[in-house]
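These notes concern the structure reproduced below.
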Amino acid sequence: MSAQDLADRCEEIGHPIPRNVIANMESGRRANLPLVDVMVLARALRTNPICLIYPIGYVAEVQRLPYEHRTAPWEAMCWFTAQDSGSLADRDMLRYQREHIEALGEAHSAMASESYAQYAVEHATSAAERAEALRDQANCLERIDKAKQRLRVARSFIRRDRGLLPYLPPELADVDSTTEENDL
């Protein structure tokens, strides 16, 4: 894609980046770029910003930060996205938020499965089918309870650390009716 085509796409997105700026980046004459420009360029190129910052699969080594020793792009990306084993001030909050997202996904999945199982119970044509559907429904209800417990725990840790609680859909509002403190 030409610098002009890329500049046109950036303009369509609503954040113009002049063609000469793009050309200077491509030639290496411009080393610094505001983060918002990286995000807009990523959208224009139909990729993720992290892939522009650390081009995994296209280069053997990158500098995680200027003036640092070169490292594998994957390691740099893990540091950038808090997936590494380093100690960061916000590591726990990131872990609690990630746990919340995963538990929310599990709750939605289990609730959809339970709805299907309920349908199977109601439309079973034999005692054996009904018994199997009831077992499936019970398993789904157990999965829902476990996911809700994970949500309660994650939300209690987020509250404890004075973080912003993530959105909780109305069908899971009962999660906040009790707050039990357990380890993640």
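The values are calculated or read from the model by the stated rules, or taken from the named source; none is laboratory data. This structure is a prediction, so every number in the text was calculated from the model and none was measured. Neighbour counts run over all protein chains shown; Cβ positions are idealised from the backbone, glycine included. Only protein heavy atoms, including side chains, enter the accessible area calculation; ligands, DNA and RNA are left aside. Shrake-Rupley method; radii C 1.70, N 1.55, O 1.52, S 1.80 Å.
Inside region 163-179, residues that are modelled with pLDDT of 90 or more, assigned to a loop (DSSP other than H, G, I, E, B) and either among the acidic types (Asp, Glu) or exposed (fewer than 11 other Cβ atoms within 10 Å of the Cβ) (or both) make up a count of 2. Examine region 121-144 for a residue that is part of a helix (DSSP H, G or I), surrounded by fewer than 17 Cβ atoms within 10 Å (Cβ to Cβ), of a type in the set (Ser, Thr, Tyr) and without any contact (Cβ under 8 Å) to a residue 40 or more places away in the chain, and state whether such a residue exists. No: region 121-144 contains no residue that is part of a helix (DSSP H, G or I), surrounded by fewer than 17 Cβ atoms within 10 Å (Cβ to Cβ), of a type in the set (Ser, Thr, Tyr) and without any contact (Cβ under 8 Å) to a residue 40 or more places away in the chain.
Any idea how many residues of region 1-42 are of a type in the set (Gly, Ala, Ser) and either touching a residue at least 60 places away in the same chain (Cβ under 8 Å) or closer than 24 Å to LEU65 by Cβ (or both)? Of the residues in that region, 4 qualify. Every listed requirement among (1) at pLDDT 90 or above; (2) assigned to a loop (DSSP other than H, G, I, E, B) is met by MET1 save one, (1). Only one of the numbered conditions (1) polar (S, T, N, Q); (2) under 26 Å from HIS100 (Cβ atoms); (3) more than 25 Å from the chain's Cα centre (by Cα); (4) at pLDDT below 95 is not met by ASN182, and that is (3).
Determine if region 92-100 includes at least one residue that is over 30 Å from VAL62 (Cβ atoms) and in contact with a helix residue (DSSP H, G or I) (Cβ under 9 Å, 6 or more places away or on another chain).
Yes, the conditions are met somewhere in region 92-100.
The numbered conditions (1) under 30 Å from GLU99 (Cβ atoms); (2) open to solvent by less than 80 Å² (accessible area, probe 1.4 Å); (3) of a type outside the set (D, E, K, R); (4) modelled with pLDDT of 90 or more are all true for ASN48 except (2).
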